[in-house]
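A.B. asks: Structure incoming, see below.
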Amino acid sequence: MKALVRISEVENNPVEEKPSENPALNLTLNGKLGESDATIIARAAMSPELRAGMTLFNLPHTIPGTELASLVDDLAAQQAKVKANDLGVIENTLVAQSNTLDALFHMLITKAVDAVNFDYFNGCMQLALKAQNQSRATLASLSAIKNPAPVAYVRQANIGQTMHINNGIVANHQHALMTLQDSNSLTEISANIPHQQNELLEVIR
């Protein structure tokens, strides 16, 4: 299917038109002054809303009367709402998807019950459980959006002393600590010597 691509600049002056077999595929692309047609078309082709609109339009069960331009405009409006932190569209989508998956689960369960051989029964049950799991995951995502987990901000205080990355300074610092510890131990020993001498004199006497 070829779409009618009408490219216009800011003043809405038509630049190029290509015929379309289906009027519902008519699409107008707006570009900036001085932009080439190829640049405008490439930017549109890379836009998420146009890609999604083309996919939705080509689905076999698209609602009759749907126009590509209207799909693209509605998708762009939904994107703008999400950017503005209006997540209603996402919530509605998740609820609809969860119900669809749940309906698929029940349909597959019914087919499994009516199965005439084990292989068919087993295949239906496996698909049913996958649909059920996807429905659960969809509801979990919805719950996470509605009830976001609290974020804890932990402030870390740096109470360590500044250490220069210098082997000589670090080694001297460690040596000083060891010397201080050794001197403290020697002080304790020397302090105990008089008491030990008195005890020895008492024993000799």
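A.B. asks: Can you tell me which residue in region 24-61 is surrounded by the fewest Cβ atoms within 10 Å (Cβ to Cβ), limited to those that are of a type in the set (Asp, Glu) and assigned to a helix (DSSP H, G or I)?
C.D. replies: So the residue we want is Asp37.
A.B. asks: Residues that are among the aliphatic types (A, V, I, L, M) and farther than 30 Å from Ile145 by Cα: does region 18-26 have at least one? Spell out how you get there, then give the answer.
C.D. replies: Going through region 18-26, the residues among the aliphatic types (A, V, I, L, M) turn out to be 24-25.
Then keep just the ones that are farther than 30 Å from Ile145 by Cα; that gives 24-25.
Looking for residues that are among the aliphatic types (A, V, I, L, M) and farther than 30 Å from Ile145 by Cα, one finds at least one in region 18-26, hence yes.
A.B. asks: While we're here: Inspect all residues belonging to region 165-174 and state whether any of them is outside any helix (DSSP H, G or I) and at pLDDT below 95.
C.D. replies: yes
The values are calculated or read from the model by the stated rules, or taken from the named source; none is laboratory data. Bear in mind the structure is a predicted one, so any value in this text is a computation, not a measurement. A quick note on method: Cβ atoms are made from the backbone with ideal geometry, for glycine too, and the neighbour counts reach across all protein chains shown.
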